[in-house]
Amino acid sequence: MSTGLMHGATGTVSPAGARRGTVVVTTVASDSHTWNLVFLQLLIEELGYEVINLGPCVPDRVLVDACRETAPDLVVISSVNGHGHQDGLRVIEALRACGELASTPVVIGGKLGVAGQQSDAAIGELISAGFDAVFDDASTATREFSRFVGTLSTAPRSLERTEVGA
């Protein structure tokens, strides 16, 4: 494992007693917020996954390299600074350009624009760019995200995309 990768430490396991898989949690390169990542890590661990928390301000190349190394079952990108939409379009292009990550589920959420909640068109743009789901900064986003994570399978991945709007 690369130096700098931070693993979850809560020890929460799924009812069967084994982890369901691995999830990488990160922000976009321009976002220095960490509280959102801690919250997501704890939530995802409660859902039975091991979490690799890359922390804030992660350059696209570092994210791609970490995902290539760990082959996660899901990548979660969180934004608080309002640049998630703009930066997300760039980072999903880098992830999808990497052959071994082409079918890895990738989601983005949080405050994706400086003007608040994203329009359906903006969410559609993120889905079209390659995100499997978008969780805008809405009051129901945590519940929708938990449902999405609960539907993940460790079976071979398909390229089908799912839109989750606000």
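Descriptive notes on the structure:
- Local electrostatic count at residue 89 - Lys and Arg +1, Asp and Glu -1, tallied over other residues with Cβ under 13 Å: -2
- Pair-distance distribution P(r) for segment 8-136, from all Cα-Cα distances in 5 Å bins starting at 0: 2, 12, 22, 24, 20, 13, 5, 2, 0 percent.
- Measuring with a 1.4 angstrom probe and ignoring ligands and nucleic acids, residue 96 comes out at about 40 Å² accessible.
- In segment 80-141, the alpha-carbon atoms span a convex hull of 72 Å³ per residue.
The values are calculated or read from the model by the stated rules, or taken from the named source; none is laboratory data. Treat the numbers as computed from the prediction; the structure is a model and nothing was measured. When we count neighbours, we look across all protein chains shown, and the Cβ atoms used for this are built from the backbone with ideal geometry, even at glycine. Side chains are part of the model used for accessible areas, which takes the heavy atoms of the whole protein and leaves out ligands, DNA and RNA. Shrake-Rupley method; radii C 1.70, N 1.55, O 1.52, S 1.80 Å.
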